Amino acid sequence: MVTLRFLVYGRVQGVGFRWFAWREADRLGLRGFVRNQSDGSVEVIAAGPPQALEELERVLGRGPAQARVERVERSDVPHELLIPNAFDIR
């Protein structure tokens, strides 16, 4: 299992992005969480098989209909971060 952090920039708050990310991560069987950041971005921490994480990254780059995604930054997550057993919205 791999754990990755995605930061999504653009018009991604106030457009249902967290619910979109939650639904897609749940569909892909991923664990983790999604939350808004104070700079206007959305952070997604997700754990699961590499192919599912690649698919999540692809759909995050698209976002829901009202969003305008400018970019998605991907990085590794420290092993000491506690990942929930399901996918949560925070």
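The values are calculated or read from the model by the stated rules, or taken from the named source; none is laboratory data. Fair warning: this is a prediction, and the values are worked out from it, not measured in the lab. When we count neighbours, we look across all protein chains shown, and the Cβ atoms used for this are built from the backbone with ideal geometry, even at glycine.
Which of the residues spanning segment 18-52 are under 14 Å from residue 71 (Cβ atoms) and crowded, with 16+ Cβ neighbours inside 10 Å?
41, 42, 43, 44
Identify the residue in segment 1-17 that is among the hydrophobic types (A, V, I, L, M, F, W, C) and in contact (Cβ under 8 Å) with a residue 60 or more places away in the chain and, among all such residues, is surrounded by the fewest Cβ atoms within 10 Å (Cβ to Cβ).
Across segment 1-17, the extreme among qualifying residues is 7.
(1) under 14 Å from residue 1 (Cα atoms); (2) among the acidic types (Asp, Glu); (3) touching a residue at least 60 places away in the same chain (Cβ under 8 Å): which one isn't true of residue 70, the others all being true?
(1)
Only residues that are modelled with pLDDT under 95 and more than 14 Å from the chain's Cα centre (by Cα): list them for segment 31-82, please.
78, 79, 80, 81, 82
If residue 69 meets every condition in (1) buried (at least 21 other Cβ atoms within 10 Å of the Cβ); (2) β-branched (Val, Ile, Thr); (3) farther than 19 Å from residue 85 by Cβ apart from one, which number is that one?
The failed condition is (1).
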